[in-house]
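The values are calculated or read from the model by the stated rules, or taken from the named source; none is laboratory data. If you're wondering where the values come from, they're calculated on a predicted model, not measured in any experiment. FYI the Cβ positions are ideal-geometry reconstructions off the backbone, even for glycines, and counts take in every protein chain you see. Note: accessible area is taken over every heavy atom of the protein model, side chains too, but ligands, DNA and RNA are not part of it. Shrake-Rupley method; radii C 1.70, N 1.55, O 1.52, S 1.80 Å.
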Amino acid sequence: MSEAASPDRWGEEHAIDLGAVDAPEKAETPGPAPAPPRPRLRFPNAAMAFAAAVCVLAAGAVAVAKWAPVARLNAEDVVTGYLEAARAGDIQGALAFTDQPNATGDFLVPEALDDRWEIVEVGQVQYAASAREGRYTAQVYAEIEAFDGTRIGFRYLVGIEHGQALIENALDATEAYPPFGHVDINGVTAPVDEALGITNIVLLPGVYELYPDLPSTMELDGPSVVVALGDRFALLGEERSDEWLPMPWPEVTAEGRAQIDEALRGHLDACAREPEVAGCPLGFPDDPEREVAAAPGAQWEITAYPESEAQWWGYEMLEGFVLTTVVPGEARIEAVVTEDGSSRTAVVSCPVWIDGLAVEFGAAGAAIGRADGTTVERCNSLAEVE
């Protein structure tokens with residue numbers, strides 16, 4: 001949770017001495033009797049106070065001039081307007097406060113916004129003239145709070161020039177490494193570059209849920225709702241933010257596990273009928289000391305199916321969950337074994353490993369496929385069974 005900041009505001013103070021200057025003393029010389037005094041104009045106290053205030057303002061005109069851009073264009077109001085428009089779902093209204101009023105993006109749409117957050121604080125913390133004449137910059141700290149109390153803060157840079165005040169770092173893009181071939185944020189989806197496996201994401205301030213519509217066969221390995229502000233992101237409940245959009249990874253649910261087991265059994269049964277098909281783990285191993293071949297008419301029989309695990313850390317884009325073997329299975333076949341110039345018939349046992357296979361979930365359930373060519377396609381050992 002971002003700690004609330006106490007923005008410092010500073011400026012030059014100007015004091016003007018309004019004390020009257022003493023008149024020089026006149027020498028005492030004899031002269032004619034003074035004429036009767038003329039009546040003096042007397043001003044009420046309030047009028048004199050007003051005149052003094054006018055003098056103060058006039059004397060401080062030069063000092064006020066250097067702050068005139070802030071007086072005309074309030075940087076805090078610019079940031080506040082930006083945040084309020086984003087929370088209201090007004091995309092164009094929010095962009096109008098930035099230096100990218102025509103920005104576009106997959107998630108710069110009203111459908112991608114969630115208004116379950118509040119503006120906590122907006123305060124200018126720095127103001128300075130730029131090297132370019134007539135240009136000023138202000139740093140404005142902003143903090144928002146999600147519906148669960150998670151806070152996040154960010155310093156916006158507001159450029160003031162040519163009669164305009166615009167936020168210059170409102171729309172920083174962040175790279176994301178999604179586990180799927182698409183990104184889903186608040187129900188809005190966007191494709192991922194298949195070659196790179198990454199995508200650039202631009203988000204307005206707010207609350208965003210990642211992959212809210214996963215099928216019942218999958219779930220995410222951790223929190224999937226983030227609060228975004230500027231180029232900072234914080235998971236709900238976290239006390240710290242990061243410049244990277246945190247991407248959760250998928251895990252298989254109990255329903256998904258049942259579908260994988262069923263698909264794996266179907267895959268291995270098909271392999272038993274056609275062991276030469278790519279991705280089948282029932283090829284005879286190379287052995288320089290003996291030759292093994294299936295007996296005429298013989299077919300593999302799966303006597304025990306392997307126990308597998310879907311790697312939650314290894315979800316391959318466009319391939320699915322990569323499977324690893326927890327407990328190997330077993331397959332048997334009647335084979336002709338030729339050794340030392342003689343042949344014999346024997347039942348041989350092959351341990352079944354399914355490492356390298358991948359599984360994807362579709363409308364028809366789980367489907368087994370090959371992953372990256374590392375699939376086990378031969379028995380790593382054979383043992384004769386009596």
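Miscellaneous remarks
- Sequence-ordered 3J(HN,Hα) estimates for the stretch 237-252 from the Karplus curve with 6.51, -1.76 and 1.60 and θ = phi - 60° stand at x, 7, 9, 10, 10, 9, 8, 9, 6, x, 9, x, 10, x, 10, 8 Hz, glycine and proline given as x.
- The relative contact order of the stretch 132-238 comes to 26 percent, based on Cα pairs under 8 Å that sit 6 or more residues apart.
- Other residues with beta-carbon under 12 Å from the beta-carbon of residue 340 carry, at +1 per Lys or Arg and -1 per Asp or Glu, a net charge of -1.
- Over all other residues within a Cβ to Cβ distance under 11 Å of residue 87, the charged ones net out to -4, with Lys and Arg as +1 and Asp and Glu as -1.
- When only Cα pairs below 8 angstrom with a gap of at least 6 residues are kept, the stretch 345-386 shows a relative contact order of 54 percent.
- Pair residue 198, residue 319: separation of 7 Å Cα→Cβ label points (nm): 2.0 nm
- Highest mean packing comes first when the peptides 331-337, 140-146 are listed by Cβ atoms within 10 Å, giving 140-146, 331-337.
- Solvent-accessible area of residue 161 with every protein chain in place, 1.4 Å probe, in Å² to the nearest 10: 40 Å²
- Simple rule: put +1 on each Lys or Arg Cβ and -1 on each Asp or Glu Cβ in the stretch 254-385, find the dipole, and look at 374, 294, 364; the Cα lying farthest toward the positive end is 364.
- Converting phi to 3J(HN,Hα) with the Karplus coefficients 6.51, -1.76 and 1.60 and the offset θ = phi - 60°, the stretch 176-186 yields 10, 10, x, x, 10, x, 8, 10, 10, 10, 6 Hz in sequence order, with x at every glycine or proline.
- Charge sum, other residues only, whose C-beta stays under 9 Å from residue 154's C-beta, Lys/Arg counted +1 and Asp/Glu -1: 0
- Solvent exposure of the stretch 75-169, expressed per residue, is 45 Å² of accessible area, with all protein chains present and a 1.4 angstrom probe.
- Carbon plus sulfur fraction of accessible area for the stretch 75-169, probe 1.4 Å, in percent: 43 percent
- Of all DSSP-defined beta bridges confined to the stretch 75-169, some 95% are antiparallel rather than parallel.
- With the highest mean first, a sort of the peptides 100-110, 77-87, 289-299 on other beta-carbon atoms found within 10 angstrom per residue produces 77-87, 100-110, 289-299.
- Sequence-distant contacts, meaning Cα pairs under 8 Å at least 6 residues apart, place the relative contact order of the stretch 254-385 at 28 percent.
- For a paramagnetic label modelled on residue 378 (point 7 Å from Cα along Cα→Cβ), amide N atoms under 17 Å away belong, within the stretch 271-305, to 275-294.
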